[in-house]
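The values are calculated or read from the model by the stated rules, or taken from the named source; none is laboratory data. Note that the structure is predicted; figures quoted are calculated from it, not measured. Here the Cβ positions follow ideal geometry from the backbone for every residue, glycine too, while neighbour counts run over all protein chains shown.
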Amino acid sequence: MNKPDLCIAKDRKKVAIQYINLDLDIKPVFKGKKYFLRTYGCQMNVHDSEEIRYYLEQLGYSYSDTLEDADIVVLNTCAIRENAKDKVFGYLGRCKHLKKIKKDLIICLCGCLTQQPSEIDEIIKNHQYIDVIIGTHNLSQLPKLITDTYDKKQKIEVFSNSDKVFENVKYSRDSKISAWINIIYGCDKFCTYCIVPFTRGRERSRKMEEILKEVRKLKEQGYMEITLLGQNVNAYGKDLNLGYDFATLLEEVAKIGIPRIRFVTSHPWNFTDKMIDIIAKYDNIMPYIHLPIQSGSDEILKRMNRKYTIEEYKKLFDTIKEKIPNVSITTDIIVGFPNETEEDFQKTLDIVNYCKFDGAFTFIFSPRVGTAAALMEDKVTMVEKEKRLHTLNELVNRYSLDSNKKYLNKEVEVLVTGPSEKGCDKVCGYTDTMKLVNIEGSQNLIGKIIKVKITDVKSFSLDGIALIYQK
Ligand code: SAH
Ligand code: SF4
Ligand code: F3S
């Protein structure tokens, strides 16, 4: 059994990054068997699951949407908040029960939960029935670990940090229209509430030519949209020291000519004017920016280690609004950070009133063992935190609705991504500002950018009818 190596991530050493070209020979030894895969957490995990699915399919497995029919269960976990963890343990309970009946069932735990120092020992100790436990740094080991499970010994591949960037990674992508592309792994920011730097390791950028190669290939395959992924995309390139940064990359990607390009997530710190100018210059870079603010109080931002003040955020926000016409800006906000006062919370409401965000993801602070904020004194009760969340949500939803109202009776371009949940004569898609639109129109519009007239607006979506078919 390999011992997990989870030292304190903050002590991690900066060593030279190894760039490894993957060349895996995976035999379909499980042909005829079925896999069940569940993914929790952010886009990073969603994209990792596309890699996992490629490996499962190469091993010969086919898809099953029911746990009971599966020969292998793979749970790709998230550790960002307590509820993400609870969901996984719920599934694990079902898997344990199933394995009593189905002795050959393979259970595999991946993702950020396995990388959380406070969790891994407990998982190993109390969940011996899990066959494979694999972290976020070495997914390409998965086919080998699964193939080796015949000896019935638990396999563990988890370590605290990574000095590797893998290239030539293959994916079984969820969509033929819209694709994710990793540009930078890990995070060096250490916001005091956040577990991600511990679960994803230090910042490691992919080389620009490798990213561009992947973008060109996706263009050849007919992809209409790509999303550049990183915990903090504007840190891109810093670790490489090759004279290029995120703005350079964005421009080179835009020139390749995929109709829609977006990126998540940008940290307000280090969001450069050059980035704003490039976004404004290219029509195919979507005027959509997710710019997490987290709190409206300088005191809280300082204790969060967010590295910007509200004045700086406002200045950046105003410049983006001024330079990028019709830009849509969304955000993340945490309420109930340790000892957040009523006054601090009021400042959060004030900044929401100032920015009038197009949308916001709001969360109650969840202490993560191993992070600095988990050790901070906190006198705010859960009842109070829930009350604040409720007040904030009401405000945020009002502004979402207001920003959607601007679209009423307008003609917009929509990339149609799939059937709509609102009826079989409808499809759905997104504007270039990432507004969800349910459209009256036929299924053969899927994968196309079409003109739509907006006929009704709600807080979280727009309704419209398809006009002329455009591209
Ligand atoms: N890298 C991104 C966000 C990653 S996590 C960024 O820096 O913006 C997504 C969101 O989860 C964060 O923006 C934050 O609002 C929220 N979050 C992270 N840790 C949290 C915690 N411990 N409790 C509550 N919310 C948290
Ligand atoms: Fe977490 Fe902060 Fe890094 Fe985002 S920038 S992943 S919130 S530590
Ligand atoms: Fe969760 Fe890991 Fe993403 S903790 S939010 S899956 S980076």
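How about segment 149-182: which of its residues are touching a Ser or Thr at 6+ places or on another chain (Cβ under 8 Å) and among the β-branched types (Val, Ile, Thr)? Of everything in segment 149-182, those that are touching a Ser or Thr at 6+ places or on another chain (Cβ under 8 Å) and among the β-branched types (Val, Ile, Thr) turn out to be 158, 165, 169, 177, 181.
Considered as a group, the residues in segment 203-255 that are in a loop (DSSP other than H, G, I, E, B) and hydrophobic (A, V, I, L, M, F, W, C) include one that is nearest to residue 161 (Cα to Cα), and that residue is 240.
When residue 193 is tested against (1) outside any helix (DSSP H, G or I); (2) hydroxyl-bearing (Ser, Thr, Tyr); (3) within 16 Å of the chain's Cα centre (by Cα); (4) not assigned by TED's automatic domain parsing to the domain that holds residue 19, just one condition goes unmet, and that condition is (3).
Residues being surrounded by 15 or more Cβ atoms within 10 Å (Cβ to Cβ) and more than 20 Å from residue 28 (Cβ to Cβ): count how many of those fall in segment 119-133.
Matching residues across segment 119-133 total 8.
Scanning segment 286-303 for residues that are surrounded by 22 or more Cβ atoms within 10 Å (Cβ to Cβ) and either free of Cβ contacts under 8 Å to residues at least 40 places away in the same chain or within 11 Å of ligand 1 (Cβ to nearest atom) (or both) turns up 293, 294, 295, 301.
Per the listing 369, 383, the residue uniquely closer than 21 Å to residue 83 by Cβ, among the hydrophobic types (A, V, I, L, M, F, W, C) and within 16 Å of ligand 1 (Cβ to nearest atom) is 369. Within segment 141-157, none of the residues are surrounded by 15 or more Cβ atoms within 10 Å (Cβ to Cβ), within 16 Å of ligand 3 (Cβ to nearest atom) and not in a helix (DSSP H, G or I). What residue, of 394, 384, is assigned to a helix (DSSP H, G or I), assigned by TED's automatic domain parsing to the domain that holds residue 343, farther than 22 Å from residue 260 by Cβ and over 27 Å from the mean Cα position of the chain (by Cα)? Going through 394, 384 in turn, just one is assigned to a helix (DSSP H, G or I), assigned by TED's automatic domain parsing to the domain that holds residue 343, farther than 22 Å from residue 260 by Cβ and over 27 Å from the mean Cα position of the chain (by Cα): 384. Scanning segment 69-117 for residues that are of a type in the set (A, V, I, L, M), part of a helix (DSSP H, G or I) and within 16 Å of ligand 2 (Cβ to nearest atom) turns up 84, 113. Suppose we keep only residues that are within 16 Å of ligand 3 (Cβ to nearest atom) and touching a strand residue (DSSP E or B) at 6+ places or on another chain (Cβ under 7 Å) within segment 267-302. Which one would you say is farthest from residue 415 (Cα to Cα)? That would be 294.
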